[in-house]
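The values are calculated or read from the model by the stated rules, or taken from the named source; none is laboratory data. In this text, all values refer to a predicted model and were calculated from it rather than measured experimentally. Here Cβ is always computed from backbone atoms with ideal geometry, including for glycine, and neighbour counts include all displayed protein chains. The accessibility values were calculated without ligands, DNA or RNA, using every heavy atom of the protein model including side chains. Shrake-Rupley method; radii C 1.70, N 1.55, O 1.52, S 1.80 Å.
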Amino acid sequence: MSEAPPEALSETAAQLAELEVDAPIVGIVMGSKSDLPAMEPAEKELGDRGIRCETRVMSAHREPDKVAEYARNARMRGLRVIIAGAGLSAALPGVVAAHSDLPVIGVPLTSRMSIAGGLDALLSIAQMPPGVPVACVGVDNARNAAVLAARILAA
Ligand code: RP5
């Protein structure tokens, strides 16, 4: 059996030491500040259940590097589920799932330019290619994303 080189072990130890005991285990991300009101129920539901979470705004289209970095570091930072809300051509949940093997729950959102009551975002999130899954809750139903995250954590 081959052993990891000492420098790799010390790097892992340093990363573990950085993890806080009360670090969030659910990441809530959304594509725009304008999504905040619609995503607040997810934060509230997790808070009511005593599940630690963090909330971040990042756009898959406007800040692709930031999204990729967040998703790639998510597991190492202690996150176990990611909830991602976005409207219009809602790429955020899929891009997060492309860069992380954590379960991703997408929340299709309505916004001022939505068509068909958010059907644009619903299809963007649900119609992922085979092998890169994103769970999809109902339009504007961020609370259900939090309930599903709780069930995944309890499984
Ligand atoms: C999406 O575009 C966001 O998730 C938001 O729902 C929508 C509109 O964004 P803003 O123009 O309000 O920033 O990326």
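Values as computed for the structure displayed
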| read-out | value |
| --- | --- |
| Residues satisfying the stated conditions in segment 45-71, i.e. exposed (fewer than 14 other Cβ atoms within 10 Å of the Cβ) and either under 11 Å from the mean Cα position of the chain (by Cα) or away from the ligand (no atom under 15 Å from the Cβ) (or both) | 47, 48, 50, 56, 65, 69 |
| Residue within segment 137-151 that is in contact with a Ser or Thr (Cβ under 9 Å, 6 or more places away or on another chain), within 16 Å of the ligand (Cβ to nearest atom) and within 16 Å of residue 35 (Cα to Cα) present | yes |
| In segment 35-44, the residues that are open to solvent by 60 Å² or more (accessible area, probe 1.4 Å) and within 15 Å of the ligand (Cβ to nearest atom) | 36, 37, 40 |
| Subset of segment 1-42 [at pLDDT 65 or above and of a type in the set (Gly, Ala, Ser)] | 8, 10, 23, 27, 31, 32, 34, 38, 42 |
| Subset of segment 22-34 (residues that are within 10 Å of the ligand (Cβ to nearest atom), open to solvent by 10 Å² or more (accessible area, probe 1.4 Å) and touching a helix residue (DSSP H, G or I) at 6+ places or on another chain (Cβ under 9 Å)) | 31 |
| Filter result (aliphatic (A, V, I, L, M) and under 18 Å from residue 153 (Cα atoms)) within segment 30-70 | 42, 46, 51 |
| Flag if residue 118 is closer than 16 Å to residue 35 by Cα and assigned to a helix (DSSP H, G or I) | yes |
| Subset tally (residues that are open to solvent by 50 Å² or more (accessible area, probe 1.4 Å) and part of a helix (DSSP H, G or I)) for segment 127-155 | 6 |
| Residue 77, sole failed condition from (1) of a type in the set (D, E, K, R); (2) open to solvent by 20 Å² or more (accessible area, probe 1.4 Å); (3) touching a Gly at 6+ places or on another chain (Cβ under 9 Å); (4) closer than 20 Å to residue 109 by Cα | (4) |
| Positions within segment 88-115 being open to solvent by 20 Å² or more (accessible area, probe 1.4 Å) and near the ligand (Cβ under 9 Å from one of its atoms), in sequence order | 88, 89, 91, 110, 111, 112, 113, 114 |
